[in-house]
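To start, the structure under review is shown below, and the notes come after it.
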Amino acid sequence: MDSKLLEILVCPLCKGPLLFQKNSQELICKADRLAFPIRDGIPVMLESDARPLADDENVSQA
Amino acid sequence: MDKQTHFGFQTVEESQKARKVAEVFHSVAQKYDVMNDVMSAGIHRVWKKFTLETSGVRRGQRVLDIAGGTGDLSRGWRERVGAEGEVWLTDINSSMLTVGRDRLLDEGYALPVALCDAEKLPFPDHYFDCVSVAFGLRNMTHKEVALAEMLRVLKPGGKVLVLEFSKVWKPLTPFYDLYSFKALPLMGKWITDDPESYRYLAESIRMHPDQATLKAMMEEVGFVRVDYHNLSAGVVALHKGYKL
């Protein structure tokens, strides 16, 4: 999916912006410290499927 | 203890409903379109066509298709808004969404897709001109929460379209019941070897709010100028509402 379109998505919980991490294919909410996976080209925007960020995990600006 | 809700005629804990609905759609995804044609004798196509043609959706607009599943409405939206518009195909069920995404790709439409829960939409406020949900609201655990989310992502003046099974005209009820509770599970058994999923379908339709109740629910959430149109004697109703 076009990364411009990915930029439209917001965090389903706080509705804040997400950072697209190309390498890990994740969309990250820094406020909720959650990483939403992109699986088979489909962003999975469910809290139940999101990966909680580790306490010391740094999120680089894309 | 968890609050209770209905799953067809069964009472289940609220936290279980989404999982049970997911099982139904993982099970039927591959044969969903065939079953729709068989069960409705192809009439579901007419219902969807009516939804598209009375939508007023125009070239260049943004449309969100919730519970878009195998993509019937999304295709129609894409044809209406053109390449300069934007149509998001979304569903909470990965099996349904994958079938829909791949089918539209085969037809030459690469639409943006997202797996999401209609009660927690991953879209910004005031973004869409139209939000549609066809045969999806019935399966949602907290319908008012989902409707409020649809309202949030709509632009002022934007509209929601809810196509859903509804309450059939009273004189037809005995025939409709016979069809739903005897014929449907049989067809489900022959075609998909999954009569339980189609029993859920028939039961969930009976538990869904009728035309007036859904209209009131939409008004309660904040939609204005809410109205509905019965199709096939109320087997299905199309509700429309606007954001101020």
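Brief remarks follow.
- This ranking places B:Arg103, B:Arg58 by how few other beta-carbon atoms lie within 10 Å of each, fewest first, which gives B:Arg58, B:Arg103.
- Lys, Arg +1 and Asp, Glu -1 on Cβ, resulting dipole of region A:3-52 about Cα centre, debye, nearest 20: 160
- Residue pairs, from the table B:Lys155/B:Lys240; B:Lys17/B:Lys49; B:Lys182/B:Lys240; A:Lys30/B:Lys159, whose Cα atoms sit over 21 Å apart: B:Lys17/B:Lys49; B:Lys182/B:Lys240; A:Lys30/B:Lys159
- Note on B:Glu13/B:Arg206: beta-carbon distance plugged into 1/(1 + (r/R0)^6) with R0 of 30 Å gives a FRET efficiency of 0.90.
- Annotation: the residues B:His26, B:His208, sorted from fewest to most other C-beta atoms within 10 Å of their own C-beta, follow the order B:His26, B:His208.
- Three semi-axes describe the equivalent ellipsoid of region A:3-52; taken as square roots of 5 times the Cα gyration tensor eigenvalues and ordered largest first, they are 14, 12, 10 Å.
- Dipole magnitude of chain B about its Cα centre (Cβ charges: Lys, Arg +1; Asp, Glu -1), debye to nearest 20: 560
- Lys/Arg +1, Asp/Glu -1 at C-beta; region B:4-242 dipole; positive extreme among B:Tyr228, B:Val133, B:Thr192: B:Tyr228
- Residue-averaged beta-carbon neighbours from other chains (10 angstrom radius) around A:34-47: 5
- Extension gain, B:Ala41 back to B:Asp227 (0.36 nm per residue minus Cα-Cα distance, nm): 64.3 nm
- B:Val34, B:Val133 arranged by Cβ crowding within 10 Å, fewest neighbours leading: B:Val34, B:Val133
- Separation of region B:34-86 and region A:19-45, taken as the distance between their Cα centroids, equals 29 angstrom.
- Gain upon complete extension [B:Thr173, B:Thr54; 0.36 nm per residue less C-alpha separation]: 40.1 nm
- Annotation: Cα Rg of region B:140-244 relative to the compact-globule expectation 2.2 N^0.38 Å equals 1.23.
- Averaged over the residues of peptide B:117-124, the number of Cβ atoms from other protein chains lying within 10 Å of each residue's Cβ is 6.
- Principal semi-axes in Å for the protein assembly as shown [√(5λ), Cα gyration tensor, largest first]: 32, 22, 19
- Rounded, prolate or oblate (a/c below 1.5 giving rounded, otherwise prolate when a/b exceeds b/c) for chain B by Cα gyration tensor: rounded
- Quotient of Cα Rg and 2.2 N^0.38 Å for region B:193-244, N being how many residues it contains: 1.41
- Only aspartates and glutamates eight or more places from B:Lys20 in sequence, or on another chain, were considered; those with a Cα closer than 16 Å are B:Asp2, B:Asp91, B:Asp117, B:Asp194, B:Glu196, B:Glu203.
- In order through region B:199-215: 3J(HN,Hα) via Karplus (6.51 cos²θ - 1.76 cosθ + 1.60), integer Hz, x for Gly, Pro: 5, 4, 4, 4, 5, 5, 5, 5, 7, 6, x, 6, 3, 5, 5, 5, 4
Read-outs: derived from the displayed coordinates by stated rules, not from any lab. Because the structure is a prediction, the values reported are computed rather than measured. Heads up, the Cβs are rebuilt from the backbone with ideal geometry, glycines too, and the neighbour counts pull from every protein chain shown.
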